[in-house]
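Student: The following block contains the structure, expressed as structure tokens.
Where a number appears in this text, it was derived from the coordinates with a stated rule and is not lab data. In this text, all values refer to a predicted model and were calculated from it rather than measured experimentally. Cβ sites come from the backbone with ideal geometry, for glycine too, and all protein chains shown count toward neighbours.
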């Protein structure tokens with residue numbers, strides 16, 4: 001049975017920080033949050049990167065920099081992390097875990113407790129549930145090192161002591177959203193799927209205020 005309690009913030013609409021706001025999913029998170037009336041800050045590398053993020057306040061800095069993170073977190077109620085990294089067949093990947101470790105420290109320093117973090121199908125105990133093509137070809141050839149860092153990232157979030165939700169989307173698409181999605185923690189019998197970025201953004205923003213999946217790692221898919 002889901003817990004449907006909601007998290008109350010000091011203001012009528014939450015003040016959120018979005019990391020990874022310039023990515024394809026991140027931009028949808030920002031636009032949907034602004035449409036909901038949320039007060040949105042984004043941490044971006046440059047003013048140029050912030051173009052098109054209408055209604056959001058840009059803070060210029062690196063997501064791995066504790067000083068920039070603390071500035072961006074000041075006065076916020078919650079963080080949505082949509083940080084991503086390109087496929088890396090050969091080089092080690094550390095950006096996700098490094099940034100998340102810095103974020104957790106900065107959130108504690110600024111007394112911000114709510115973290116909704118996107119990782120992906122294939123992270124943690126969802127490994128091996130991506131379907132034949134994903135599990136046997138795409139994952140080992142292109143994503144193994146990325147997902148090793150996603151696993152480190154998830155471990156940091158789980159051990160953070162924060163009010164966290166880890167969201168694991170199935171394979172992302174740019175198709176229009178649907179009225180309903182599946183939200184899974186029992187993956188027995190599940191072998192891959194897709195979901196639109198639009199639906200991911202909507203689900204992630206719901207978790208800012210909803211405690212239904214608090215301290216859990218739901219996989220979302222169509």
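Student: Which order results if 54, 150, 145 are arranged by neighbouring Cβ count within 10 Å, fewest first?
Tutor: 54, 145, 150
Student: Taking the Cα-to-Cβ direction at residue 91 and at residue 74 and moving 7 Å from each Cα, how far apart do the two end points lie in nm?
Tutor: 3.3
Student: Continuing with this model, one more query. Helix 24-35 against the longest principal axis of the chain: what's the angle in degrees, Cα atoms only, rounded to the nearest 10?
Tutor: That helix lies at roughly 40 degrees to the long axis.
Student: What is the distance in Å between the Cα centres of the stretch 1-79 and the stretch 118-147?
Tutor: 27
Student: Looking at the chain, send over the antiparallel percent of its DSSP beta bridges, to the nearest 5.
Tutor: 15
Student: What ranking do 36, 91, 178 get, fewest neighbouring Cβ atoms within 10 angstrom at the top?
Tutor: Exposure proxy ranking, most exposed first: 91, 178, 36.
Student: Here's a follow-up. Which order do 205, 143 fall in if you start with the one that has the fewest other Cβ atoms within 10 Å?
Tutor: Ranking 205, 143 by Cβ neighbours within 10 Å, fewest first, gives 143, 205.
Student: Would you calculate a helix-derived [θ] at 222 nm for the chain, using -39,500 (n - 2.57) for each DSSP H run of n ≥ 4 and dividing by the full residue count, to the nearest 500?
Tutor: My calculation for the chain gives -9000 deg cm²/dmol from helical runs alone.
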